[in-house]
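Values quoted throughout were computed directly from the atomic coordinates according to the rules given, and no laboratory measurement underlies them. What you see is a predicted model, and the numbers here were worked out from it, not measured in a lab. In this analysis, Cβ positions are derived from the backbone assuming ideal geometry, glycine residues included, and neighbour counts consider all displayed protein chains.
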Amino acid sequence: MKDKIKSFLQFIKFCIVGLSNTIICEGIYVVLLFFGVHYLAANIIGNLISILNAYYWSNKYVFKAEEGEQRVWWKVLLKTYATYGFSMVLSAGLLVFWLEIIKLEQFMRPVLSLLGNLGILSGLSKIGIVLEAKILSEILAAAINLIITIPLNYVINKYWAFSKGQKVM
């Protein structure tokens, strides 16, 4: 029971760190989209930068080395990049699926029409934000991907990237 509680609390910590990681990644992604960067390039850049954040906080806060445990930091960093790299490739594939195959953009036009009728779009445009179906669909597709990648990242990080290191005697 104690291990289950410990694992649950660890998952909660991972979600908190993941929230900051997601804010960094998605923030960079959205900003780059508004500057006209292709969604796949924006996704890669956001991920590469946010992985450093994930590594730092996961190492210091979520998957702390236990007393007497020694980790080789650069190995853990490489494993973290590999873990999130896999997730990034999966996310990029899912972005193509949502945006190129499902064509999520076509479903955003009615949403934008509703937002316009509610006056939300005019409020956004007053502060300089122009929301188009293309950008809205790209943002929504990235958000949907998080439902898949967050639990996957936790499991891979817990059992591989931050697995128990060598005990120092």
Partner lysines whose C-alpha sits under 27 Å from that of Lys126, ignoring same-chain residues fewer than 8 away, are Lys134
Using a basic spin-label model with each label point 7 Å from the Cα along Cα→Cβ, how many nm lie between Phe34 and Lys126?
-> 1.7 nm
Rh_Kirkwood(the chain) over Cα pairs, Å, one decimal, evaluates to 17.7 Å
Fewest-first ordering of Leu121, Leu19, Leu78 by Cβ atoms within 10 Å yields Leu19, Leu78, Leu121
Which FRET efficiency, nearest 0.05, do Asn117 and Leu94 yield, Cβ-Cβ r, R0 35 Å?
-> 0.70
Sum -39500 (n - 2.57) across every DSSP H segment of at least 4 residues in the chain, then divide by the residue count to get the 222 nm mean residue ellipticity, nearest 500.
-> -24500 deg cm²/dmol
Using only Cα atoms, tell me the angle between helix 2-34 and the longest principal axis of the chain; keep it within 0 to 90° and round to the nearest 10.
-> 40 degrees
Against the longest alpha carbon principal axis of the chain, how many degrees, from 0 to 90 and to the nearest 10, is the axis of helix 39-57 turned?
-> 30 degrees
Against the longest principal axis of the chain, how steep is helix 73-96, in degrees 0 to 90 to the nearest 10, with axes from Cα atoms?
-> 30 degrees
Over 21 Å between C-alpha atoms is what I'm after, so list which of Lys2/Lys75; Lys75/Lys158; Lys64/Lys158; Lys6/Lys75; Lys4/Lys64 land there.
-> Lys2/Lys75; Lys6/Lys75
How far is it, in nm, from the label point at Lys134 to the one at Trp74 when both lie 7 Å from their Cα along the line to the Cβ?
-> 4.3 nm
Evaluate the relative contact order of the range 2-163 (contact order divided by residue number), counting alpha-carbon pairs under 8 angstrom at least 6 apart; express in whole percent.
-> 27 percent
